[in-house]
Amino acid sequence: MNRRENLKLLFTGSLGTGLLLTGCSPEQQALPENALLAGGTIGGRTEEEKQRDLELLSETFFIEDERKKLSTLVDIIMPKDDESPSATELKVVDFMEFMMKDQPGNQTRMRGGLMWLDFEADEKFGKSFNELSESEVIEIVDEVAWPDTAKPEYEGGVRWFNMLRNLTCSGYFSTPEGWKYMGYVGNTPNAWDGVPQEVMDKHGVKLEEKYIPQYLKMEDRGTVIEWDAEGNIIG
């Protein structure tokens, strides 16, 4: 599977989780044991939210066998390339660990899918999923990764893999490296320097000379307008 195909599959379907989750890093500074849980911060997280995150981070959901399966799969979904790191390098499995505790309604589906991998591996190859070769893993993944061509008997596996893909991309694209990969620049103002001259020429229109000095120039776009006491622009 490649990145572009995965992004197409992700964004033409439903996104199971948000693309932004903050405050769930294991390195986050711990709050005092008796932190006052009241009020909030402007544009930030409330103390209640921070405390809850810390409580979830102190718990463990995935066992090592499951983490190994997930590490294999997330790097198939979002592998390392010349421009971006792999999903495991960005700790996407840690993101999933947090989300399983933050949204416990997904725990049964997730764990059931991870168990299914072993059943399928045993049926096809007579060994557990974590013992499979790369080509054998891809053979199982190909059965469930393409909803439009999957066999009816793999319908449950397809739904599970869709959830896994959503979580993988949600975790990946909630990191600075993921934002860079998408070309996301955040909430920044657009730059526009007017209708292109060739468009105005095509339609036979032009700017009136007397107004040109009053138009906003790109070099002045960061300048804050000042007003006098009577409401007139200064300068």
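Select from region 123-133 the residues that are within 12 Å of Lys69 (Cα to Cα) and assigned to a helix (DSSP H, G or I) and write down the one among them that is most open to solvent (accessible area, probe 1.4 Å). Steps first, answer last, please.
Step one: of region 123-133, the residues within 12 Å of Lys69 (Cα to Cα) are 128-132.
Within this subset, residues satisfying the condition of being assigned to a helix (DSSP H, G or I) are 129-131.
Working: Phe129: 4, Asn130: 35, Glu131: 116 Å².
Filtering first and then ranking leaves Glu131.
I'd like to know if region 160-177 contains one or more residues that are open to solvent by 60 Å² or more (accessible area, probe 1.4 Å), hydrophobic (A, V, I, L, M, F, W, C) and either in contact (Cβ under 8 Å) with a residue 60 or more places away in the chain or out of contact with any His (no Cβ under 7 Å at 6 or more places or on another chain) (or both).
Checked region 160-177: no residue is open to solvent by 60 Å² or more (accessible area, probe 1.4 Å), hydrophobic (A, V, I, L, M, F, W, C) and either in contact (Cβ under 8 Å) with a residue 60 or more places away in the chain or out of contact with any His (no Cβ under 7 Å at 6 or more places or on another chain) (or both).
Residue-by-condition table, conditions (1) under 30 Å from Gly183 (Cβ atoms); (2) at pLDDT 95 or above; (3) in a loop (DSSP other than H, G, I, E, B); (4) polar (S, T, N, Q):
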site	(1), (2), (3), (4)
Lys69	no, yes, no, no
Ala87	yes, yes, yes, no
Phe98	yes, no, no, no
Ala121	no, yes, no, no
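Which residues, counting only those in region 145-155, are within 24 Å of the chain's Cα centre (by Cα) and not acidic (Asp, Glu)?
Initially, region 145-155 is screened for residues within 24 Å of the chain's Cα centre (by Cα), giving 145-148.
If the condition is that a residue be within 24 Å of the chain's Cα centre (by Cα) and not acidic (Asp, Glu), then Ala145, Trp146, Pro147 are the ones that fit.
Rundown of residues vs (1) hydrophobic (A, V, I, L, M, F, W, C); (2) more than 13 Å from the chain's Cα centre (by Cα); (3) farther than 21 Å from Ser86 by Cβ, yes/no style:
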residue	(1), (2), (3)
Glu131	no, yes, yes
Glu143	no, yes, yes
Gly157	no, yes, yes
Thr175	no, no, no
Trp179	yes, no, no
Asn187	no, yes, yes
Trp192	yes, yes, yes
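In this structure, does Ser14 turn out to be surrounded by fewer than 16 Cβ atoms within 10 Å (Cβ to Cβ), at pLDDT below 95 and either under 15 Å from the mean Cα position of the chain (by Cα) or closer than 17 Å to Tyr181 by Cβ (or both)? Break it down stepwise before answering.
Working: surrounded by fewer than 16 Cβ atoms within 10 Å (Cβ to Cβ): yes; at pLDDT below 95: yes; either under 15 Å from the mean Cα position of the chain (by Cα) or closer than 17 Å to Tyr181 by Cβ (or both): yes.
Taking the combined requirement at face value, the residue satisfies it.
As an exercise: evaluate Pro147 against (1) open to solvent by less than 70 Å² (accessible area, probe 1.4 Å); (2) free of Cβ contacts under 8 Å to residues at least 60 places away in the same chain; (3) outside any helix (DSSP H, G or I) and give the number of the one condition it does not meet.
Here Pro147 meets the rest and fails (2).
Scan region 53-78 and report the pairs whose first residue is among the aromatic types (Phe, Trp, Tyr) and whose second residue is open to solvent by 10 Å² or more (accessible area, probe 1.4 Å) and assigned to a helix (DSSP H, G or I), with Cβ atoms within less than 6 Å and a gap of 6+ or a chain change.
Phe61/Glu97; Phe61/Lys101; Phe62/Glu97
Determine which single condition Glu47 fails, assuming it passes every other condition in (1) open to solvent by less than 80 Å² (accessible area, probe 1.4 Å); (2) modelled with pLDDT under 50; (3) in contact with a Leu (Cβ under 7 Å, 6 or more places away or on another chain).
(2)
The values are calculated or read from the model by the stated rules, or taken from the named source; none is laboratory data. Note that this is a predicted model, so its numbers are computed, not measured. Note: ideal-geometry Cβ built from the backbone for every residue, glycine included; neighbour counts use all protein chains shown. Side chains are part of the model used for accessible areas, which takes the heavy atoms of the whole protein and leaves out ligands, DNA and RNA. Shrake-Rupley method; radii C 1.70, N 1.55, O 1.52, S 1.80 Å.
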